[in-house]
Amino acid sequence: MAITYKPQGLSVLILDSIPTLFLHPKTREITTPALIGRKFMCKFPSGQLYFESKLDLDTDGSAYISQDPSGQASTSAKDAGGKSLDADLINYFVLPGGFYPQHGIQLGDIGVVIYGIRMAYACFGDVGPSNKLGEGSIALHRDLGHEVIVGRHTASGGRLINAGISSGVITIVFPGSGNGHGVRNQESAAIGERLFQKLLKEAESIGDFPLPGVRNIG
């Protein structure tokens, strides 16, 4: 069955030529397992994982876990020194437990996250519930224009607004792009920008490919 999904809104300006890959005969739509928060998911011919979902808030590793009933002091990925990632400082995204290894993804791999006309590079920093898709750190929300800390620079440290982005967030993960641990935002950006530009060139160069129906991964 051919893929009928089309990204909506201003995100298409950033995606540029990438949507042409939805028509590529080697692109595979992923429909299982059922994941809360997912609108669409596929794997591109070169192995990149693309999905559109909501983006819930992950406060793990930050000073704001006391304001989050589900907040935890540690993150699944650690930095090079063995410390958990600080959600208030590090752009990281979350993937479902048991899902990501099937697609060649490991902790620390890099992704690009797009919301409207904003984009941010992030690392795979935490593992979430096996039935849920779409979650990211405080810092990632901030870079996407969705600040969740009121009065962050005041003496009190600020108040958490525990509300993420309800829909329309696009994430592209580059399997094998990390080194097994979380990284600073500058490193995510350096690696991610190179891989994103490479994906854009791949989408631009597909040219005259046949367009048979695209089967699902069931």
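Tabulated data for the structure shown
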{"quantity": "Which of PHE93, PHE51 has the fewest Cβ neighbours within 10 Å, and the rest in rising order", "calculated": "PHE51, PHE93"}
{"quantity": "Cross-link reach list, lysines versus LYS132, counting only Cα pairs under 21 Å and skipping chain neighbours closer than eight places", "calculated": "LYS39, LYS43, LYS54"}
{"quantity": "Taking MET119, MET41 and counting other C-beta atoms within 10 Å, the order from fewest to most", "calculated": "MET119, MET41"}
{"quantity": "Helix 185-204 axis, angle to the chain major axis (alpha carbon atoms, nearest 10°)", "calculated": "10"}
{"quantity": "Anisotropy class of the range 11-205 from Cα gyration tensor, a/c 1.5 cut", "calculated": "prolate"}
{"quantity": "Total charge dipole magnitude, the range 11-205, about the Cα centre, Cβ charges on Lys, Arg, Asp, Glu only, Debye to nearest 20", "calculated": "260"}
{"quantity": "Order of HIS103, HIS141 under a 10 Å beta carbon neighbour criterion, fewest first", "calculated": "HIS103, HIS141"}
{"quantity": "Top of ASP16, ASP56, ASP109 by mean-square fluctuation, Gaussian network on the chain, Cα under 10 Å", "calculated": "ASP16"}
{"quantity": "Sum of -39500 (n - 2.57) over DSSP H runs of 4+, divided by residues of the chain (222 nm, nearest 500)", "calculated": "-4000 deg cm²/dmol"}
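Where a number appears in this text, it was derived from the coordinates with a stated rule and is not lab data. Keep in mind that this is a model prediction, so the values were computed, not measured. Glycine gets a Cβ as well: all are built from the backbone with ideal geometry, and neighbour counts include every protein chain shown.
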